[in-house]
Amino acid sequence: MSVMLTEVTTVMRGRTIQRHFRESLKSLTRNGWMTFASISAVTVTLLLVGVFAIIMMNLNKVADDIENDVEIRVLIDIIENQDEAKTAESKLQKEIKSLKGVETVVYSSKEDELDLLIKDFGEDLSLFEQSNPLHNVLYVKAANPQETAKIAEKIKKLDNTYDVIYGEGKVEKLFSFLNTSRNVGLVLILGLLFTAIFLISNTIRITIIARRDEIEIMKLVGATNSFVRIPFVLEGAWLGILGSVIPMTFVTIAYYNIHKIIAPKLKGELLQLLDISPLIYQVNALILLLGLFIGVWGSFMSVRKFLKI
Amino acid sequence: MIEMNNVYKKYPNGVVAANGITVDIRQGEFVYVVGPSGAGKSTFIKLMYREEKPTSGDVIINGTNLTKLKNNQVPFLRRQLGVVFQDFKLLPRLTVYENVAFALEVIEEHPKQIRKRVMDVLELVGLKHKVRMLPSELSGGEQQRVSIARSIVNMPKVVIADEPTGNLDPETSWEIMNIFEEINTMGTTIVMATHNREIVNTIRKRVIAIEGGLIVRDVNGGDYGYEG
C-alpha cells in the first residue's frame, strides 16, 4: 500500500507564517507580566553590553594610538672625530635595522633634537646652541608594538649606544588594565546574559504550559514538530527584539551627545574618541543580534525541555 | 490495514501492557476492544497512533511499520488517522467551526478546502446549525460529535476511539454510535475501546478482548463477555 509519508518537506506557506506571527504575538500579551520581566531583563543586559562595548572600543582605540606612538630612542655615544662618528652611526643604524621586528629607524642629529626641545620648552634653551650637550638619536619603531621592550633590550647590547629609552612599563600597564577591565566586564555581562536567557525560557515555559491542550491536539491531528515549535521560538525572538529597543536608543543618543561635548575638547590631542558613524551602527547591530540570540536561545531551551515532541 | 505482530510493551515503571499481541484488522472493519480496566486496552489503542512505541514486535498501519517510523514522520501518520477520546479534547476558546477547522489548519490545508470539508463533516454529525457556538454551550453528546467531526475532517482511513461514550448518558451514546456506524459504512475502519456492554451486545461487531496484555478472545459478532 502506498503511503503518503514521503511529503516530509512541505514548503511553509505565506499564511502559515502569518499564523505563526499571530500566535506568537498573542502569547506576548497573554503572559503580560512574564513578558514584561523578560523584556526588562534583556533591556538591562543589553544596556550594559552597549555601554561596555562603546567604552571598550574607545579604550582599544586609545591603546592602539598609544601603542603606535611607542618608540625607542637610542642615544648614540658622542664621538669627537666626525668621520669616525659617521661610520659608527651608520653601522649602528644598519645593525638596528637588521634586528628582527624592527620596522623603521629614523636618524635625528643633536641639532634636530635641540630644535625639538626648544619648540617644547621655549627659547631659553637656545643658549645651548653654542655647545649642544645632546646626543645624536636614532628613533626605532617596532613592527609589533608589544615587542618594543624586547627590541630595546637587544639594542642596548650593541656598540656605541649611550642609552636606550622607551616607555618602559607604561605600555604593559595599559595592556593589563585593558585586559582586566575587559574580563570583569565580560563576566558581568555573561551573568546578565544567563539571567535574561533564564527569564525568557521561563516565560516560554509558561506559554507552553498554558497551551498544553492545544499542543496535544495539534500533535494528534498531525501538525509537524516545527509547526508546533515555531510560534514559541518566535515569541522568544520578540522578547529579545523588544528588549533591545531601549538599549539601542539609549546608546545612540548618549554617544551622540557625549561625542558632541567631548570630541571638540580633544582636538589636536593624542587621544581621540571613535567617530559616531561606524561605531554606533556596529554597537546597535551587536545589541540587536545579542537580543535576538538571547530570545531565541531562551525559548529554544524551553521548547526542547517542555515540548515533548 | 492494522497489523500487529507479537507486540510487546513494557513501560519504564515495569508494567507490561502488551505481552505478545498479534492481530489483523482489515480495511472497513468495525472492531470493539474490550477488557477490564488496566488490561492494556489503552496501550493497544495508543500503539496504533504511535503515542506509544512497542518495546518489541511490529505495528503496521496502512503499510507503514510504526516500530521503524522516525519521530519526524509521526505527523504524517497521524494525518491518516482520526482519534476520538472520552474527554472530547476540544479547545474551549474556539467555536465549533474553529475546533474542527483547527485540525486542517495545522496541517496547512488550503483555506477553501477547509471551509468545505468542515461544513461537510459538521453536517454529517448534525451540528451544522451550531457552528458558531463554543464547546461550553453544547451538551456532552454534541461536544463528542464535534470531536468526531474533527477526527474525520481529514478523511482518514481509520478512526481510533478510546471510550468515546464513557462520559455520555445511554441515549446520547446511541447517537454517537449511529455516527460511528455511518462513518464505517463509508468505508472507514473503526477501532473502539469501550466498557459499554449494552452497545457491544446490541450493535454486533468484531470483539477483541484484552486481559493482562494479551488478546484472550477475538470473535466476529461476539458479545461483551464481562459482567456489568
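The numbers here are math on the coordinates, done by the rules we state, and not lab data. Model, not experiment: these values are computed from the prediction. Please note: Cβ atoms are built from the backbone with ideal geometry, for glycine as well, and neighbour counts cover all protein chains shown.
A quarter of the convex hull surface defined by the alpha-carbon atoms of the stretch A:66-116 gives 4.3 nm² as the mean projection. Between the stretch A:207-243 and the stretch B:65-105, the alpha-carbon centres lie 16 Å apart.
Put simply, the Cα atoms of the stretch A:190-245 extend 41, 18, 16 Å along their principal axes, the longest span coming first. Round to the nearest 0.05 the FRET efficiency obtained for A:S131 and A:Y107 when R0 = 35 Å and r is the Cβ-Cβ distance. My answer for the efficiency is 0.95. When +1 charges are put on Lys and Arg Cβ atoms and -1 charges on Asp and Glu Cβ atoms, the dipole computed for chain A relative to its Cα centre reaches about 3200 debye. Of the residues A:L290, A:L273, A:L92, the one that moves most in a GNM of chain A with alpha-carbon contacts below 10 Å is A:L92.
For a modelled paramagnetic label at B:S136, 7 Å from Cα along Cα-to-Cβ, the residues of the stretch B:91-128 in reach, with backbone nitrogen under 18 Å, are B:91-99.
Against chain B, whose longest principal axis is taken from its Cα atoms, helix B:140-152 shows a tilt of about 80°. Remark on B:G20: its backbone amide H falls under 5 Å from those of B:V7, B:Y8, B:K9, a criterion applied only to residues 5 or more positions apart or on other chains, H modelled at 1.01 Å from N.
Using R0 = 35 Å, the C-beta based FRET efficiency linking A:F36 and A:N225 works out to 0.75.
Here the alpha carbons of the stretch B:82-228 define both size measures, Rg and Dmax, at 15.9, 50 Å. The charge dipole of the protein assembly as shown, taken about the Cα centre with unit charges on the Cβ atoms of Lys, Arg (+1) and Asp, Glu (-1), comes to about 2720 debye, rounded to the nearest 20. Every Cα-Cα pair of the stretch B:1-102 was included, and the share exceeding 20 Å stands at 45 percent.
Find which of A:S244, A:I118, A:V303 sits farthest along the positive direction of the dipole of chain A, computed with +1 on the beta-carbon of Lys and Arg, -1 on that of Asp and Glu, about the Cα centre. My answer, from the dipole projection, is A:V303. Working note: 222 nm ellipticity from helices only, DSSP H runs with n ≥ 4, each -39,500 (n - 2.57), summed and divided by the residues of chain A, gives -24500 deg cm²/dmol to the nearest 500. With contributions of -39500 (n - 2.57) from each DSSP H run of at least four residues, the per-residue ellipticity at 222 nm computed over chain B stands at -9500 deg cm²/dmol.
Calculated over the stretch B:90-155, the projected area of the Cα convex hull averaged across directions stands at 3.8 nm². The value given for the stretch A:71-166 is a Kirkwood hydrodynamic radius of 14.0 Å, derived from the mean inverse Cα-Cα separation.
Can you tell me the alpha carbon radius of gyration of the stretch A:30-117 divided by the globular rule-of-thumb value 2.2 N^0.38 Å? Walk me through the numbers on the way to the answer.
Working: Rg = 27.6 Å, N = 88, 2.2 N^0.38 = 12.1 Å.
Dividing the Cα radius of gyration by 2.2 N^0.38 Å gives 2.29.
Taking the longest Cα principal axis of chain A as reference, the axis of helix A:170-210 is set at about 0 degrees. With the convex hull drawn around the C-alpha atoms of the protein assembly as shown, the volume per residue stands at 219 Å³.
By the compact-protein rule of thumb, 2.2 N^0.38 Å, the alpha-carbon radius of gyration of the stretch A:154-309 corresponds to a ratio of 1.69.
The residue list B:L138, B:I61, B:T185 was ranked by how far each Cα lies along the charge dipole of chain B toward its positive end, using unit charges on Cβ atoms, and B:I61 comes out on top. In whole angstrom, chain A maps to an equivalent ellipsoid with semi-axes of 66, 22, 15, each derived as √(5λ) from the alpha carbon gyration tensor and ordered largest first. Per residue, the convex hull spanned by the Cα atoms of the stretch B:183-228 measures out at 86 cubic angstrom.
Distance between the 7 Å Cα→Cβ label points at A:F175 and B:K70: 5.2 nm.
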